[in-house]
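For reference, the structure discussed in these notes is given below.
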Amino acid sequence: MMKAVVFPGDKKVEIREVPIPSPGGGEVLLKMKASAICRSDMSLYYGSDAVVGGEATKSGCIHPGHEPAGEIVQVGEGVTRFKEGDRVAVYLAVGCGECAHCKSGYKMFCPEWKCIGFDQHGGDADYMVVPAENCMRIPDGMSYLVAAVSTDAVGTLYHAQKRLAINGRDTLVIFGMGPMGGAGVMVAKGLGATVIAVDMLDERLEVAKELGADYVINGKEDVLARVMEITGGRGADAAIDCSGSPHAENTALNVLRPHGRAAFIGECRELTIHPSNQLIRKQVTVMGSWYFPIFEYDEITRFILEKGLPVEKLVSHTFPIGEAETAFRMFDERKTEKAVFIWD
Ligand SMILES: [Zn+2]
Ligand SMILES: [Zn+2]
């Protein structure tokens, strides 16, 4: 038997004793080593409208955890490329494997995709079964903790900055200094950019400075005026919103110079903007960005190791799975930054 977390709804956390699953054809069994909590888990914790997932997600029986890493302890029939003892992180999107999107590595665009931790069991349990093709090797010299946080948090910010072509000539403004924004600061510094971090909380701005932000601005100040002052009146080359706040998203568009580029990453259901002034006159490029294609994990982990990114600094708390209730409550109350379940 093993311990597994479920969310019956209404901020309840149950730890169930369930049988250890066995891997089917093409699957592997992982003994979990690290599984990171994410803001998107809160939609399951509340039992409200989940940010992704279908009917199974609403059942309240799925083990959450879409940012997991573990050791392969059993391989199913037909698995040849992985063996017992391999250290892997898990890609969150399970696709059909056959369509153009699955073959391109962007499995989350598969029309039939299922999200680990939402539609099917995730890593907040002692063991999990995943398709071998969702396993991403962890390089030597990287801990399970860093590997787990380097999926959704660092990976998403790496992919967005690659798409924005962030480089050493850029001044990049990042809005929202939670774990995503913090990861964004690290990645941007690794790419050589000048980074301006924006948040409403001074504590988070302090963390941003430690992670390498060149300038910090409290959102209560006139952010546009401060960015103009820092950039000598030119405006920022690029902006990323990790907050999902309509006000921050508008400010992200406003701080851009002509031909500037922006990415929205924080989940946001509705936003009012002014295209004439914010987009058209300045000929800016705005994109949404979410997660990364599976082949990019090798590049992401290599970048982290080569640039020495201090990914573990994003993690303020670790918990054993038996303390899941405390972990989710503290995370929900924003008493933690990135919080991660770990096993010995
Ligand atoms: Zn996540
Ligand atoms: Zn597919």
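The values are calculated or read from the model by the stated rules, or taken from the named source; none is laboratory data. Treat the numbers as computed from the prediction; the structure is a model and nothing was measured. Note that we place each Cβ from the backbone using ideal geometry, even for glycine, and neighbour counts take in every protein chain shown. Note: areas computed on protein heavy atoms with side chains; ligands, DNA, RNA excluded. Shrake-Rupley method; radii C 1.70, N 1.55, O 1.52, S 1.80 Å.
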How charged is the neighbourhood of residue 189? Take every other residue with its Cβ under 11 Å from the Cβ of residue 189, and add Lys/Arg as +1 and Asp/Glu as -1. 0
Please compute the length gained on full extension between residue 77 and residue 269, using 0.36 nm multiplied by the number of residues separating them and subtracting their Cα-Cα distance. 64.9 nm
Residue 120's amide H: which non-local residues (gap 5+, or another chain) put their own amide H closer than 5 Å, with H modeled 1.01 Å from N in plane and none for Pro or chain starts? 115
Tell me which GluC sites (Glu not before Pro) from segment 49-154 have a DSSP coil assignment and no more than 14 other beta carbons within 10 Å of their own. 77, 84, 98, 112
Enumerate the amide H contacts of residue 86 below 5 Å, restricted to partners 5 or more residues apart or on another chain; note that Pro and chain-start residues carry no placed amide H. 72
Just the accessible area per residue of the chain, please: how many Å² with a 1.4 Å probe? 43
Could you tell me whether segment 303-343 comes out rounded, prolate or oblate from its Cα gyration tensor? Rule is a ≥ b ≥ c as square roots of the eigenvalues, rounded for a/c under 1.5, then prolate if a/b exceeds b/c, otherwise oblate. oblate
When 1/r is averaged over all different Cα pairs and the result inverted, which Kirkwood radius in Å belongs to segment 206-253? 11.7
With a 10 Å cut-off between alpha carbons and a GNM built on the chain, which of 134, 277, 218 moves the most? 277
By the gyration tensor of its Cα atoms, with a ≥ b ≥ c the square roots of the eigenvalues, what is the shape of segment 229-344: rounded for a/c under 1.5, prolate for a/b over b/c, or oblate? prolate
Report the relative contact order of segment 159-288, percent, no decimals, based on alpha-carbon pairs under 8 angstrom and at least 6 residues apart. 22
Candidate cut points under trypsin sites (Lys or Arg not before Pro) in segment 287-344, DSSP loop plus at most 15 other Cβ atoms within 10 Å of their own Cβ, are 334, 335
Karplus ³J(HN,Hα) for segment 299-307 (6.51 cos²θ - 1.76 cosθ + 1.60, θ = phi - 60°; Hz, whole; x = Gly/Pro) runs 5, 5, 5, 5, 4, 4, 6, 5, 8
Once residue 98 and residue 283 are pulled to full extension, the length gained, defined as 0.36 nm per residue separation minus their Cα-Cα distance, is 62.8 nm
What does a probe at residue 22 reach in segment 111-151, counting residues whose amide N is under 15 Å from the point 7 Å along Cα→Cβ? 129
Quick check: pseudo-label points 7 Å beyond the Cα along Cα→Cβ at residue 109 and residue 298, how many nm apart are they? 2.1
Calculate the translational D of segment 38-80 in whole µm² s⁻¹ from Stokes-Einstein, where the hydrodynamic radius comes from the Kirkwood formula applied to all Cα pairs, the temperature is 37 °C and the viscosity 0.692 mPa s. 261
Report, largest value first, the span of the C-alpha coordinates of the chain along each principal axis, in whole Å. 62, 39, 36
Carbon and sulfur %, accessible surface of segment 159-288 computed with the full protein complex present, 1.4 Å: 52
Taking every alpha carbon pair in segment 159-288 and sorting the distances into 5 angstrom bins from 0 up to the bin holding the longest one, the percent per bin comes out as 2, 12, 25, 26, 23, 10, 2, 0
Quick one: net charge of residue 51's neighbours, Cβ under 10 Å, K/R +1, D/E -1? -1
Inter-label distance for residue 84 and residue 59, nm, one decimal - labels placed 7 Å from Cα along Cα-to-Cβ: 3.0
Testing the spin-label approximation: label points 7 Å from Cα along Cα→Cβ at residue 15 and residue 234. State their distance in nm. 5.4
Sorted by chain and then number, the residues having a modelled amide H within less than 5 Å of the amide H of residue 27, at least 5 places away or on another chain, are 76, 77, 132
Portion, in percent, of the accessible area of segment 1-110 that falls on carbon or sulfur, probe 1.4 Å: 51
How many percent of DSSP beta bridges within the chain run antiparallel, rounded to 5? 55
Where nothing but the Cβ of Lys and Arg (+1) and of Asp and Glu (-1) is charged, how large is the charge dipole of segment 1-96 around its Cα centre, in debye to the nearest 20? 200
